[in-house]
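Written out below as structure tokens is the structure these notes cover.
Read the figures in this text as sums done on the coordinates, not as results from a lab. Quantities reported herein were computed from a predicted structural model and do not represent experimental measurements. All Cβ positions, glycine included, derive from the backbone under ideal geometry; neighbour counts span all protein chains shown.
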Amino acid sequence: MYVFIARFSAIIVRFVLAALLLALGTGVNAECEACPNCDYEQISPSQGNACLNYWTCSGDTISCYYPSVANPGTYTGCSYSASANWALTAGPSNICFEYSGLNSKCQPSNNPYNLGIPACTASYGYVGEYNSALL
């Protein structure tokens with residue numbers, strides 16, 4: 001009887017340790033789907049491309065907004081969806097990146113969608129990159 005209890009206890013301890021290591025491992029390696037930092041629309045040779053101003057997230061779709069050079073005071077929206085393997089689903093293909101990006105550890109501010117959950121990290125977020133509010 002005592003041998004059975006000792007073996008059973010050892011199995012339980014191993015299982016708990018394995019579960020703990022798995023939980024710690026997945027937390028450290030969290031990844032988010034992210035908006036590209038900038039789009040392809042160039043503001044000027046010295047300032048480069050228009051950079052992310054804000055994003056929204058709903059369901060499995062993230063939308064990334066960049067200041068429009070062609071229409072000052074407005075924004076160009078680029079949407080990406082999990083169901084499309086994070087490919088561009090809405091927005092001008094000559095300005096938006098073809099795919100969103102992977103954001104390791106979900107730390108920077110352009111990380112709308114947590115792949116580990118999977119779910120939105122928030123419904124919206126303001127980024128305000130260095131040139132994102134110029135137009």
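Tabulated results
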read-out: Simple label model, 7 Å out from Cα along Cβ direction - Gln47 to Ser109, nm; value: 1.7
read-out: Residue-count net charge about Asn85 - beta-carbon cut-off 14 Å; Lys, Arg +1, Asp, Glu -1; value: -3
read-out: Computed lengthening from Asp60 to Ala90, 0.36 nm per intervening residue step minus Cα-Cα distance; value: 9.4 nm
read-out: Filtered GluC sites (Glu not before Pro), the range 31-106: DSSP coil and at most 15 other beta carbons within 10 Å; value: Glu98
